[in-house]
Amino acid sequence: MDKQNPVYTLVNECHDCYKCVRECQVKAIKIEDGHASVIPEKCIACGACVKACPAGAKRVRTDIDKVKKLLLSKKDVYVSLAPSWSGVFEMTEEKIISILKHLGFKDVSETALGAEEVSIKTAEMLNNAEKGLFISSACPVIVDFIRHYHPEFTKNIVPIGSPAMTHAKMLREKFGQDIHVVFIGPCIGKKNEADHSDLIDVALTFEELKLWINKEISDISKISVDKKNNFVPHSAHEGSLYPIDGGMNETIKRIGIKEHIQLIDICGLANFEKALTNLKPEKLEKVIFVEGLSCEGGCVTGPCIATEKAGLTVISDVISNVKHRLVIPKKPSVVVDTDYTSMKIKHKTYPIEDILQALKRIGKHTIDDELNCGGCGYPTCRDMAVALLNGDAETSMCVSYMRKIAVRKAATLFRCMPAAVVMVDNNMNILEANDSFMKMFTGDMYEIFKARPDGMTGAAIDRIVDFADIFKTILQTGKELHKERYPVKNRLYDISAFTIEENEIVGAIITDVTQTETNREKISQKAHEVISKNISIVQEIACLLGEHMVETETLLSSIANDFDDKDEESEDEVVH
C-alpha cells in the first residue's frame, strides 16, 4: 500500500542534532547531508522522535482531508473516540459529541467499549491456560515492535484485535457494514493500524482534531449542545481505564482470574525490550500476562496527547470519568480473531574487518578509542560503525572525532602562524604559545622551552614580556585592545589582545614591526631629501622662466608699439 509514513521529516527544519537517533529505540532514522529522515520500513510510529525533536522537524502525517472525503460520501461516518479524551478536552460528553456532529460525523462512540470486550476475551484465554507468556495486542506500536524486531515473541501476542479494531467491528455489526469508522486518539501508531485494516478507515490524533476544530469553528461556545447527545450504542465502563499504566490489567482483575496467573504491566519500549531479554517463554511454569504500552506512563502520555495539563491531572480526569458496573459478562460479544505474523527487519551482518575499517573512519583505531559516549545517537561506537556501513549514518555524527579534527586543524593553524600567538589564564600563566612567540620573546631560553613537551605552558607571562599589564586589563574589562607600534625597549610591536573566555582566558596576536618601521623611516627620510632637492630645482626653473617671460613681454610690447605708430602715419598721408 503506497502511503506516506505516519512520521516524516521537514528537511529544512532539521538541524543535525541527532536527538531523534538517540531517542529512537529501533534506529529507524537515516542521516544524510546532516539531516535526519525516517526509514519507513523500519519505523513503528512510536512518536519518540516527534516528541524529542527540538526544532519540530519531525511531523505527523495529517489525515484530515481523508476524513473530509469520507464525510462527503453517502455513507455514515462514526467516531471511535479514545478514552483519554476526558483528560484532554475540557468539556462534557454532550459537548464533544455536539462538536463532532457539527463537523459532519453521524455519531460518536467510545473505543473503551472495544477494550471491555478485549479484556473479557483475554481473561477467558488466561483462565484456560496452564502456563506460558501472553502479551497484550492493545498497543499497535508494541505489536509492530515484536513483529519487526523480536519476531520470536510474535506467537505470544494474544490472537485478538486491539480495542480499536474490536470497537470498529462492533460499530459495523450495530450500524451496518457499509459505514465508515474514524478513530481519534493520542496515538500515532493507530495510523499504521488503520493503514492495514479493513475495519478502521482513518485514524486521527487529538492534535489533528483540535486543529480541525479551530479551523472550522470560530467559537465553540456558540455550538448548541443537545442534552440528548450520548455515546452510542451506550457509555463505556471499566474499559475507560485502558489509557492508564496498568489500566488493562485492572479491568482483567475486575473480571476475575485464577490465582496462579500473574499480571504485569510494562510501559516504554526500552523497558519492554529489557523485560524480554534472555526470556524463554517455553520454560515458564506459570501464566504471565504482559500489558505492554510503548509510551511511558501509558496512552495518556502519547506523542499527540495535545494538552499542556499536568500528567497527573490528565490521569485523574480519566479515572474520574470511569463508570463502574456490578456485573461484567464472562463471554465477549465481539471478537476480532487475528493471526499476528512475524515481519522481521533483516539486519545486514558485516565481518569484523569491515567494522574495524569503519571505526577507523571516525578515528577509532584501538579499543581504547571507542568511547561509547552515545553522542551520535547510537549506544556504542560499533553500532555507529554498522550504521556507517548501512549508509544510515555519517562520520560527522561522531562528536569526539569531529572534535579531534577541529583541535588538529586549530593546532596546525596555531603552530604555523607567522605572528606570535599566546593565551593566558586569569592567574597570568601561559596556557598556550606558538613557536613564533617563543622565538620572539624567550631569547636564549628558546631551545629549552621548545624541548619541553608542554612548551611554555605554566610560565608566568610577566616574566616573559614587558607588557603583561595588557593581559590584566583585558581580563578585568573584557574589551579588546589594539596597540600599534607599541614600544618595548628597542623594539616596536603591533599587539591585538582579546577575550577568549570572559574573566578566564585572554589571547594576543603580536607582530614585530621594528624593521618595518625602521625601513619606513629611511624611506621617508630619502623621500624628504628627494622632495627638497626637487623643490630647489623647480624653484630655479621657475625663476629662469620668470626672467625670460619678462624679456619676451618687453620685446613684444615694443614691436606692437612700432606697428601702431606706422599705422597712424599712413592715415595722415591719406587725409592730406
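Please provide three numbers in whole Å: the alpha-carbon extents of the stretch 60-204 along the principal axes, with the largest listed first.
Reported extents, whole Å, longest axis first: 50, 32, 28.
What distance in nm lies between label points placed 7 Å from Cα along the C-beta direction at residue 74 and residue 217?
Inter-label distance under the simple model: 3.0 nm.
Which loop-located GluC sites (Glu not before Pro) does the stretch 214-273 contain, where loop means any DSSP state but H, G, I, E or B and the Cβ has at most 11 other Cβ atoms within 10 Å? Can you show the working numbers first?
Values: sites: 216, 238, 250, 259, 273; in loops: 259.
Answer in residue order: 259.
Excluding ligands and nucleic acids, what accessible area in Å² is computed for residue 91 using a 1.4 Å probe, to the nearest 10?
Counting only protein heavy atoms, the figure is 40 Å².
Any idea how far apart residue 504 and residue 4 come out in nm if each label point goes 7 Å out from Cα toward Cβ?
Roughly 4.5 nm, to one decimal.
Convex hull volume of the Cα atoms in the stretch 382-436, per residue, in Å³?
Working: hull volume 6.1 nm³, N = 55.
Here the figure is 110 Å³ per residue.
Compute the angle between helix 352-361 and the longest alpha-carbon principal axis of the chain, please, reported from 0 to 90 degrees and rounded to the nearest 10.
Result, in degrees: 40.
So, for the chain, what is the accessible surface per residue at a probe of 1.4 Å, expressed in square angstrom? Please report the intermediate quantities before stating the final value.
Values: 31300 Å² over 576 residues.
Accessible area per residue, the chain: 54 Å².
From the phi of every residue in the stretch 125-139, what ³J(HN,Hα) in whole Hz does the Karplus formula 6.51 cos²θ - 1.76 cosθ + 1.60 yield, where θ is phi - 60° and glycine or proline is x?
In residue order, the calculated couplings are 5, 5, 5, 8, 9, 9, 6, x, 9, 10, 10, 4, 9, 5, 9 Hz.
Lysine pairs, Cα distance under 27 Å, 8 or more residues apart or cross-chain: how many in the stretch 129-191? Working shown, then result.
Details: 131/155; 155/169; 155/190; 155/191; 169/190; 169/191; 174/190; 174/191.
Taking the stretch 129-191 as the scope, the lysine pair count is 8.
May I ask you to compute the full-extension gain from residue 410 to residue 41, defined as 0.36 nm times their residue separation minus their alpha-carbon distance, rounded to one decimal in nm? Please list the in-between numbers first.
Values: separation 369, 0.36 × 369 = 132.84 nm, distance 4.21 nm.
Residue separation times 0.36 nm, minus the Cα-Cα distance, leaves 128.6 nm.
DSSP loop trypsin sites (Lys or Arg not before Pro) in the stretch 194-275 with at most 12 other Cβ atoms within 10 Å of their Cβ, which ones? The partial results should precede the final answer.
Numbers: sites: 210, 215, 222, 227, 228, 253, 254, 258, 274; in loops: 227, 228, 258.
For trypsin sites (Lys or Arg not before Pro) across the stretch 194-275 that sit outside H, G, I, E and B with at most 12 neighbouring Cβ atoms in 10 Å, the list reads 227, 228, 258.
What length, rounded to one decimal in nm, is gained on full extension from residue 55 through to residue 462, with 0.36 nm per residue of separation minus their alpha-carbon distance? Please report the intermediate quantities before stating the final value.
Working: separation 407, 0.36 × 407 = 146.52 nm, distance 4.82 nm.
Gain on stretching residue 55 to residue 462: 141.7 nm.
Mind listing the long-range amide H neighbours of residue 492? Cut-off is under 5 Å, sequence gap 5 or more, other chains count too, H placed in the peptide plane at 1.01 Å from N.
Long-range HN contacts for residue 492: 513, 514.
Straight-line reach from residue 348: which lysines have Cα under 19 Å away, leaving out those fewer than 8 places along the same chain?
27, 30, 42
Work out the P(r) tail for the stretch 412-467: percent of alpha carbon pairs separated by more than 14 Å, whole number. Kindly include the intermediate steps, with their values, before the conclusion.
Working: 762 of 1540 pairs.
Summing the P(r) of the stretch 412-467 above 14 Å gives 49 percent of all pairs.
For the pair residue 476 and residue 33, what calculated FRET efficiency results from E = 1/(1 + (r/R0)^6), where r is the Cβ-Cβ distance and R0 = 41 Å, to the nearest 0.05? Intermediate results must be reported in sequence, preceding the final value.
Working: r = 45 Å, r/R0 = 1.10.
It comes to 0.35.
Convex hull over the Cα atoms of the chain, averaged projected area in nm²? Let's see the in-between values first.
Details: hull surface 238.2 nm².
For the Cα atoms of the chain, the hull's average projected area reads 59.5 nm².
Across bins of 5 angstrom width beginning at 0, how are the C-alpha pair distances of the stretch 236-327 distributed, in whole percent?
For the stretch 236-327, the pair-distance distribution reads 3, 12, 20, 20, 19, 13, 8, 5, 1, 0.
Name the long-range amide H neighbours of residue 343: under 5 Å, sequence gap of 5 or more, or other chain; modelled H, no Pro or chain starts.
Amide H neighbours of residue 343, under 5 Å, 5+ apart: 148.
For residue 489, which lysines qualify as cross-link partners when the Cα separation must be under 27 Å and same-chain residues fewer than eight apart are set aside?
Once the sequence-local lysines are set aside, what remains near residue 489 is 439, 450, 472, 479, 522, 526.
Take the alpha carbon gyration tensor of the stretch 167-260, find the square roots of its eigenvalues, order them as a ≥ b ≥ c, and report rounded if a/c is under 1.5; if not, report prolate when a/b exceeds b/c, else oblate.
Working: a/c = 1.68, a/b = 1.52, b/c = 1.10.
Prolate is the answer for the stretch 167-260, as a/c is 1.5 or above and a/b outweighs b/c.
Quick one: of 258/331; 274/344; 3/74; 66/121; 409/483; 258/283, which pairs are farther than 22 Å apart, Cα to Cα? Intermediate results must be reported in sequence, preceding the final value.
Details: 258/331 16 Å; 274/344 19 Å; 3/74 24 Å; 66/121 33 Å; 409/483 28 Å; 258/283 20 Å.
Over 22 Å Cα-Cα: 3/74; 66/121; 409/483.
Within the stretch 250-349, what whole-number % of the accessible surface is contributed by carbon and sulfur, with the 1.4 Å probe and all protein chains included in the calculation? If you can, show how the numbers build up before the last one.
Numbers: 3240 of 6130 Å².
About 53 percent, which is the carbon plus sulfur part of the accessible surface.
What is the angle, in °, between the Cα long axis of helix 163-175 and the longest principal axis of the Cα atoms in the chain? Nearest 10 is fine, range 0 to 90.
Compared with the principal axis, the helix lies near 60 degrees.
For an R0 of 22 angstrom, estimate the FRET efficiency from the Cβ-Cβ distance between residue 419 and residue 395 and round to the nearest 0.05. Could you put the intermediate results ahead of the total?
On the way: r = 33 Å, r/R0 = 1.49.
My answer for the efficiency is 0.10.
How are the Cα pair distances of the stretch 285-357 distributed, in percent, across 5 Å bins from 0?
Reading the bins upward from 0: 3, 8, 9, 11, 14, 15, 12, 11, 6, 4, 3, 3, 1, 0.
Expressed as an acute angle from 0 to 90° and rounded to the nearest 10, what is the orientation of the C-alpha long axis of helix 381-390 relative to the principal long axis of the chain?
90
Taking the simple approach of a point 7 Å from Cα along Cα-to-Cβ for both residue 230 and residue 127, what is their distance in nm?
Taking the two extended label points, one gets 2.8 nm.
Tabulate in residue order the Karplus-calculated ³J(HN,Hα) for the stretch 282-287, using 6.51 cos²θ - 1.76 cosθ + 1.60 with θ = phi - 60°, rounded to whole Hz; enter x for Gly and Pro.
Couplings: 5, 8, 6, 9, 9, 8 Hz.
Over the alpha-carbon set of the stretch 1-56, work out the extent along each principal axis and list the three values in angstrom, largest first.
In descending order, the Cα extents are 31, 21, 17 Å.
Peptides 364-373, 112-121: what's the order by average Cβ count within 10 Å, highest mean first?
On the way: 364-373: 12.5, 112-121: 27.0.
Top of the packing list down: 112-121, 364-373.
The values are calculated or read from the model by the stated rules, or taken from the named source; none is laboratory data. Every value quoted in this text rests on a predicted model; they were computed, and no experiment measured them. When we count neighbours, we look across all protein chains shown, and the Cβ atoms used for this are built from the backbone with ideal geometry, even at glycine. Accessible surface areas use protein heavy atoms only, side chains included; no ligands, DNA or RNA. Shrake-Rupley method; radii C 1.70, N 1.55, O 1.52, S 1.80 Å.
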